[in-house]
Amino acid sequence: MIKSPHTVSGGADRDDSGPLLAGQTGWFDFSTLWPGAPVKAVLSQREAPSVPAPLSEHREDLAHQLGLALKTIAAPHQVHGHRVEWARPGQLHGETDGLFTDDEQVVLTLQVADCAPIYFYHRPSRLRGLVHAGWRGVGAGVVTASTDFMQAQGVALDQVEVIIGPAIERSCYEVGPEVVEPFPPTVWRPHSAGKFQLDLVAAIREQLTGAGVLAGKVTGVDVCTRCDSRCHSYRRDGQQAGRMIAYFYKQNSS
Ligand SMILES: [Zn+2]
């Protein structure tokens, strides 16, 4: 897999590396990978396991930490599908896995734990998207649905910048044949008997570039959610796994 030289440092059991939101711990800040962009693309890190709040309250607490007003926040009810749509601030959307906006006041959010959060940004129009991408969604076409959505708004895909946030990496992602079935053999390999290892980030990259996004404008962050103790991981923690919350917003919006 080709990686941008601008990668977020990461690795197992490190809790003091990677870009952090200025003045705050507990956050990845991927927007440092887009110098000069007037946006914040962030993801919460793993909190103390004792945090008991329901997900909605947890999301609200994090938004408060970021200084974001709840009425500006749009959140999808994610179903591992391939639907994306315009964000409606102040709402929990129905079944959808990606939200887009060109309104600078709108805060996009989603939740992940091994699936990748994908941040799409078109600087000329300020169109932004935040998309939840696991194997089901990517296999069903959520990446292509996202590029189609942007293209339908008149966006030239070769101008779109993309950050693929932390996801489970190939060596940690053993799956059955039904999982790799929708993907080309370039993004998976046989592993143990009847099992395979899927490179989800490579699959996302392949679909992005296949749609016309330039490979040089797609940035991965080289953080494996299962290995990196800063991340929640469904594979590692099972039903007990928490969720990381992604936010994508204009800097200084509130
Ligand atoms: Zn790993």
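The values are calculated or read from the model by the stated rules, or taken from the named source; none is laboratory data. Model, not experiment: these values are computed from the prediction. Every residue, glycine as well, gets a Cβ built from its backbone with ideal geometry; the counts of neighbours run over all protein chains shown.
Failed condition for D148, given (1) in contact with a strand residue (DSSP E or B) (Cβ under 7 Å, 6 or more places away or on another chain); (2) of a type in the set (D, E); (3) closer than 26 Å to W86 by Cβ, with all others met? Condition (1) is where D148 drops out.
Cβ-Cβ under 8 Å, sequence separation 6+ or interchain: first residue in region 192-204 and farther than 21 Å from V223 by Cα, partner surrounded by fewer than 21 Cβ atoms within 10 Å (Cβ to Cβ) and not aliphatic (A, V, I, L, M). Which pairs? Cβ pairs passing all conditions: S192/E174; G194/G176; G194/P177; K195/E174; K195/G176.
The criterion of at least 1 residues that are acidic (D, E) and away from the ligand (no atom under 16 Å from the Cβ) is met by the following strands (runs of 3 or more DSSP E) wholly inside region 85-197: 91-95, 160-164. Answer yes or no as to whether A202 is within 16 Å of the ligand (Cβ to nearest atom), among the small types (G, A, S) and at pLDDT 95 or above. Against the criterion (within 16 Å of the ligand (Cβ to nearest atom), among the small types (G, A, S) and at pLDDT 95 or above), A202 qualifies. Residues in region 205-233 that are among the polar types (S, T, N, Q), within 16 Å of the ligand (Cβ to nearest atom), within 21 Å of G139 (Cα to Cα) and out of contact with any Pro (no Cβ under 6 Å at 6 or more places or on another chain): S233 alone. Residues in region 198-221 that are surrounded by fewer than 19 Cβ atoms within 10 Å (Cβ to Cβ) and in a loop (DSSP other than H, G, I, E, B): 2 in all.
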